[in-house]
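The values are calculated or read from the model by the stated rules, or taken from the named source; none is laboratory data. None of these values were measured; they are calculated from a predicted model. Cβ placement follows ideal geometry from the backbone for every residue including glycine, while neighbour counts extend to all protein chains displayed.
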Amino acid sequence: MPKKLALYFVRHGQTYLNKNLRMQGWADTPLTPEGEKIVQASGRGLADTEFVAAYSSDLHRTISTAEILLHENKHGFGLRLEPLPEFRETFFGSFEGEKGDVAWNEIAKANGYASQEEFFEKVDVRGMMNATKKADPAGDAEDFMTFWTRVEAGFLHVINRHRETGGNILIVAHGNTIRNIVHELEPSITESFVLDNASVTVLAYENGLFKVERLNDISHFQAE
């Protein structure tokens with residue numbers, strides 16, 4: 001009989017683009033010193049959690065975060081990290097690296113909204129990606145279906161590999177990636193939310209059903 005599968009999604013630590021409030025999708029910058037410390041604090045809080053597998057996106061910031069978490073974990077020695085491009089963040093196209101306020105105001109106005117505040121109030125997480133695609137002059141940004149087709153393939157790869165044996169799975173990914181997985185698989189969560197760096201979201205899979213057990217949790221962080 002299949003056993004419970006607990007997917008521990010962890011958002012990567014703060015990067016230099018995060019620190020400077022710039023758009024960061026496929027663009028990649030290293031973790032800041034503060035970002036590394038927060039990941040270490042999250043890792044210490046997860047130190048007793050035994051993971052049977054570890055995954056991340058293939059971007060440097062998630063790989064670095066996962067390596068720190070596994071280093072802090074009492075059971076992490078010898079556990080091989082598998083980076084998957086499917087778990088990458090949304091690609092923001094020509095908005096990559098732009099100041100967040102500048103980009104979102106431009107995206108909002110290109111889609112008929114007076115301000116980014118109105119845009120965020122009225123547009124759901126799917127709509128944000130479609131609006132970004134529409135506003136991108138180069139047309140390179142991912143729309144929702146392009147993004148979700150990619151992420152779903154990685155997600156199903158993990159589920160199918162571990163559904164029979166169960167256990168705790170570490171997946172280090174990105175804010176928008178984790179947020180959309182939650183919204184797609186747990187319909188009861190309808191509100192928009194922003195994930196903190198190094199926060200933990202646990203999605204349990206049992207008897208064919210998904211349930212969010214922890215969302216954007218930082219209560220486990222432990223200082224040195």
Discussion item. Taking the criterion of being in a loop (DSSP other than H, G, I, E, B), among the hydrophobic types (A, V, I, L, M, F, W, C) and touching a residue at least 24 places away in the same chain (Cβ under 8 Å), would at least one residue in the stretch 99-113 satisfy it?
Written reply: no
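Yes/no per residue for (1) assigned by TED's automatic domain parsing to the domain that holds Gln40; (2) touching a His at 6+ places or on another chain (Cβ under 7 Å); (3) without any contact (Cβ under 8 Å) to a residue 40 or more places away in the chain:
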{"position": "Gly154", "(1), (2), (3)": "yes, no, no"}
{"position": "Gly167", "(1), (2), (3)": "yes, no, no"}
{"position": "Val172", "(1), (2), (3)": "yes, yes, no"}
{"position": "Glu191", "(1), (2), (3)": "yes, no, yes"}
{"position": "Val194", "(1), (2), (3)": "yes, no, yes"}
Worksheet entry | Long-range neighbours under 8 Å by Cβ, at least six apart or interchain, first residue more than 17 Å from Ile189 (Cα to Cα) within the stretch 118-133, second of a type outside the set (Val, Ile, Thr) and exposed (fewer than 13 other Cβ atoms within 10 Å of the Cβ) | Lys133/Gly139
Worksheet item: Taking the stretch 39-61 as the search range and keeping residues that are in contact with a Leu (Cβ under 9 Å, 6 or more places away or on another chain) and aliphatic (A, V, I, L, M), which one is farthest from His75 (Cα to Cα)?
Response: Val39
Response to the item:
In the stretch 45-55, residues that are farther than 16 Å from Arg80 by Cα and not in a loop (DSSP other than H, G, I, E, B) total 1
Worksheet item: Any idea which of Ser94, Ser56 is out of contact with any His (no Cβ under 6 Å at 6 or more places or on another chain), at pLDDT 95 or above and under 19 Å from Asn216 (Cβ atoms)?
Response: Ser56
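Looking at this structure, is Ile159 over 23 Å from Met128 (Cβ atoms), in the same structural domain as Lys74 (by TED's automatic domain parsing) and among the hydrophobic types (A, V, I, L, M, F, W, C)? Write out each step before concluding.
On the way: over 23 Å from Met128 (Cβ atoms): yes; in the same structural domain as Lys74 (by TED's automatic domain parsing): yes; among the hydrophobic types (A, V, I, L, M, F, W, C): yes.
Here the answer is yes, as Ile159 does meet what is asked.
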Worksheet, complete the sentence: By residue number, the members of the stretch 189-207 that are closer than 20 Å to Val151 by Cβ and surrounded by fewer than 22 Cβ atoms within 10 Å (Cβ to Cβ) are Ile189, Thr190, Ser192, Phe193, Val194, Val202, Ala204, Tyr205
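When the residues of the stretch 9-44 are narrowed to those that are polar (S, T, N, Q) and part of a loop (DSSP other than H, G, I, E, B), which ends up farthest from Leu203 (Cα to Cα)?
Quick first cut of the stretch 9-44, residues polar (S, T, N, Q) only: 14-15, 18, 20, 24, 29, 32, 40, 42.
Imposing the further condition that a residue be part of a loop (DSSP other than H, G, I, E, B) reduces the set to 14, 20, 24, 29, 32.
Details: Gln14: 23, Asn20: 30, Gln24: 25, Thr29: 28, Thr32: 28 Å.
Restricting to residues being polar (S, T, N, Q) and part of a loop (DSSP other than H, G, I, E, B), the top hit is Asn20.
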Item to complete: Answer yes or no as to whether Val182 is of a type outside the set (Asp, Glu) and either touching a residue at least 24 places away in the same chain (Cβ under 8 Å) or surrounded by 17 or more Cβ atoms within 10 Å (Cβ to Cβ) (or both).
Response: yes
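Quick grid of which residues meet (1) of a type in the set (A, V, I, L, M); (2) in the same structural domain as Asn176 (by TED's automatic domain parsing):
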{"position": "Arg44", "(1), (2)": "no, yes"}
{"position": "Ala53", "(1), (2)": "yes, yes"}
{"position": "His60", "(1), (2)": "no, yes"}
{"position": "Pro83", "(1), (2)": "no, yes"}
{"position": "Glu106", "(1), (2)": "no, no"}
Item to complete: Identify, from the list Thr49, Thr65, the residue that is within 25 Å of Ala223 (Cα to Cα), touching a helix residue (DSSP H, G or I) at 6+ places or on another chain (Cβ under 6 Å) and of a type in the set (Ser, Thr, Tyr).
Response: Thr65
Fill in: Subset of the stretch 56-81 (residues that are buried (at least 23 other Cβ atoms within 10 Å of the Cβ) and not in a helix (DSSP H, G or I))
Ser56, Ser57, Leu59
